[in-house]
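> Structure incoming, see below.
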Amino acid sequence: MEIRKVKQSRINQVDFNNIQFGSLFSDHMFAMEYIDGEWQNHRIEPFGMIEVNPVSASLHYGQAIFEGMKAYRGIDGEIRIFRPEMNHRRLSASCERMCMPLVDEDTFINSIKELIRLDHQWVPPGEKQALYIRPIMFADEPQLDVRPADRYRYLVILSPVSGYFGGDFPAVSLKAEEKYTRAIQGGTGFAKAGGNYAATFLASKEGRENGYAQILWLDGVEHKYIEEVGQMNICFYLNNKLVTPELRGTILPGVTRDSVLRLVSDMGIKCEQRLVDIDEIIEGVRLNTLHEAFGCGTAAVITSVGSIGYRGTLHEINNGQSGQLSRDLYSSIVGIQRGEVKDSYGWTQVIPV
Ligand code: COI
C-alpha cells in the first residue's frame, strides 16, 4: 500500500482535554476507489478535502454508507480495537442492501490497523476517550441515471473523541416518537446508510426543542413497538430480565448490543430479544418493575435512560439516575477495551505501533 505522510503533524496543536465529538481529525486517512469491478489505489494519504464530481450518485440518490468503531488506549499503553470483524459483517450487509461493492475483511481490518499505527499519537489517553474510526463508502460515478453506480470511493478517517453525552454517567431523557418513523420492515433500517440518519434529524430537532436528548423510535406501522434510540440500541432491565427489541430488519445490529447480551447472560441474567411494547415499559415504570433502561452503541457505549416522554407524560426511570447494571456493563466493556479486565471473549486486537 502506498503511504504518503504529512510534512508536519498537527498533533501538537491538540488539547485532548477539550474535544467535541466529531470535530477533530487525525493527520492521515485511508482511501481507495472501485473502478472496473475492483478496488484499487489502496493508499494512506494526508487527511484533507477530496474532489467529488457534482453528478456523483451519492449526492443525488444517497448511495452512501458508513461504519463506526473505536481504538482505545489501554492502561498498559497498548492500543486495542474491539470486535472489528463484526463491523465488517455489518458493512457487508449495508453494501448488499444498498447495491454497493463488498470490501474484503482483510482490507477492512488491515487498512484500519495500518492507519492507526501511523496516527497512534491521536489515540487519546482518558478513560472516557477513544479514537473514533469512521469508514465510509459512497457512489462516485458521474451519471444521473437512477441505478446503482459502477464507481465508488471508500475512506477511513479517525477522530479523537470523549464521552458522547458529556457528564460523568448521565441519564438521558428520551421522547417516544409517534409522529415520525425511522424505518419499516423491508426498508434500510438495519443498514448503516447515511440517509437513515438524515431521516431522523427533524424528529431529533423537535425533541431537543422540548428538552429531550434523543428520540425513542417506535415501529413504523403501529407506533407501538420500541425499536432503537437516536444513535443507539436500547435495553430494559425489566422484572429482573434484560429485554431488548429483536433484530427484524428495522434496527441496527449493534456490536455493543451483541456484547451486552453476552455479558449479561454470563452474569446469570436472562435475556429476551423480542417485540417490546411501549405500554409494557410504561407499565413497568408504574409498577416499579422497570429497574433500569440504557442505550448502547459504539459512540455512546452504555448510556442510562433517566426518563421517557410518552403521550405528554414524562415517566422517570430509577429516579432519573443511572443504574447499577448500566454502570457494571460500562465498566466491563470499557475494562476489556482498555486492557483492565481480562478479555476472556477474545474481543480485542492489539495494534502494534
Ligand atoms: C456509532 O455509535 O458508531 C454511531 O454510528 C453513532 C454515530 C452516528 C454518532
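The values are calculated or read from the model by the stated rules, or taken from the named source; none is laboratory data. Model, not experiment: these values are computed from the prediction. Every residue, glycine among them, receives a Cβ derived from its backbone with ideal geometry; neighbour counts consider all protein chains shown. Areas reflect the complete protein model, heavy atoms only, side chains present, ligands, DNA and RNA absent. Shrake-Rupley method; radii C 1.70, N 1.55, O 1.52, S 1.80 Å.
> Sum up the charges of everything whose Cβ sits under 13 Å from the Cβ of Thr181, counting Lys and Arg as +1 and Asp and Glu as -1, but leave Thr181 out.
-3
> Okay, moving on. What is the helix-to-structure angle for 84-97, meaning the angle in degrees between its Cα long axis and the longest Cα principal axis of the chain, kept from 0 to 90 and rounded to the nearest 10?
90
> Which lysines does Lys241 reach when only Cα atoms under 23 Å apart count, and residues fewer than 8 places away in its own chain are ignored?
Lys224, Lys270
> Relative to the longest principal Cα axis of the chain, at what angle does helix 278-287 sit, 0 to 90 degrees, rounded to 10?
Here the helix axis deviates by roughly 50 degrees.
> Take the solvent-accessible surface of the protein heavy atoms, probe 1.4 Å, and return the percent of it on the chain that carbon and sulfur atoms account for. Intermediate results must be reported in sequence, preceding the final value.
Values: 7460 of 15820 Å².
Solvent-exposed carbon and sulfur of the chain make up 47 percent of the total.
> Which value, in Å² rounded to 10, gives the accessible area of Tyr345 with a 1.4 Å probe and all protein chains present?
Counting only protein heavy atoms, Tyr345 exposes about 60 Å² to solvent.
> For Ala299, what is the net charge nearby, where nearby means another residue's Cβ is under 11 Å from its Cβ and Lys, Arg count +1, Asp, Glu -1?
+2
> Then there is this: Could you list the residues of region 221-256 with an amide nitrogen less than 15 Å from a label point located 7 Å from the Cα of Glu96 in the Cα-to-C-beta direction?
248-250, 253
> Same structure, new question: Could you work out Rg/(2.2 N^0.38 Å) for the chain, with Rg from alpha carbons only?
Details: Rg = 20.5 Å, N = 353, 2.2 N^0.38 = 20.4 Å.
Rg over 2.2 N^0.38 Å, computed on Cα atoms: 1.00.
> Calculate the length of the line joining the C-alpha centroid of region 154-226 to that of region 285-353, in whole Å.
Their Cα centres are 17 Å away from one another.
> Mean separation of Cα pairs under 8 Å and 6+ residues apart, divided by the residue count of the chain: what relative contact order is that in percent? Can you show the working numbers first?
Values: 740 pairs, mean separation 66.5, N = 353.
In percent, rounded to a whole number, it is 19.
> State the extension gain, in nm to one decimal, for the chain segment bounded by Asp145 and Arg286, taking 0.36 nm per residue of separation less the distance between their alpha-carbons.
Contour length minus the Cα-Cα distance gives 45.3 nm.
> With each run of n ≥ 4 DSSP H residues scored as -39500 (n - 2.57), what mean residue ellipticity at 222 nm is computed for the chain after dividing by its residue count and rounding to the nearest 500 deg cm²/dmol?
Helix contribution divided over all residues of the chain: -7000 deg cm²/dmol.
> Another question, then. If I stretch the segment between Gln8 and Ile269 completely, what's the gain in nm (0.36 nm per residue apart, minus their alpha carbon distance), one decimal? Walk me through the intermediate numbers first.
Working: separation 261, 0.36 × 261 = 93.96 nm, distance 5.17 nm.
That works out to 88.8 nm of additional length.
> Just read off the accessible area of Asp106 with the full protein assembly in place, 1.4 Å probe, to the nearest 10 Å².
Counting only protein heavy atoms, the figure is 100 Å².
> Continuing with the same structure: Given the Cα-Cα distance of Tyr61 and Leu202 and 0.36 nm per residue of separation, how much length would full extension add, in nm? Each step should come with its number before you reach the end.
Working: separation 141, 0.36 × 141 = 50.76 nm, distance 1.94 nm.
Roughly 48.8 nm would be gained on extension.
> Further question: How far apart, in nanometres, would the label points at Lys342 and Phe169 be if each is projected 7 angstrom from Cα along the Cα-to-Cβ direction?
Here the modelled spin labels are 2.4 nm apart.
> Tally Lys and Arg at +1 and Asp and Glu at -1 over the other residues with C-beta under 11 Å from the C-beta of Asp36: what net charge comes out?
That sum, taken over residues with Cβ under 11 Å, equals -2.
> Would you kindly find the accessible area of Ile109, with a 1.4 Å probe and non-protein molecules such as ligands, DNA and RNA excluded, rounding to the nearest 10 Å²?
Surface open to solvent at Ile109 totals about 10 Å².
> Then there's this: Output the 0 to 90 degree angle, nearest 10, between the alpha-carbon long axis of helix 105-118 and the longest principal axis computed from the alpha carbons of the chain.
In the chain, helix 105-118 runs at an angle near 80 degrees to the longest axis.
> Let me ask something else. Could you work out how far apart the two model spin labels at Ile184 and Glu45 are, taking each label as a point 7 Å from the Cα in the direction of the beta carbon, and quote it in nm?
The answer from the label model is 4.2 nm.
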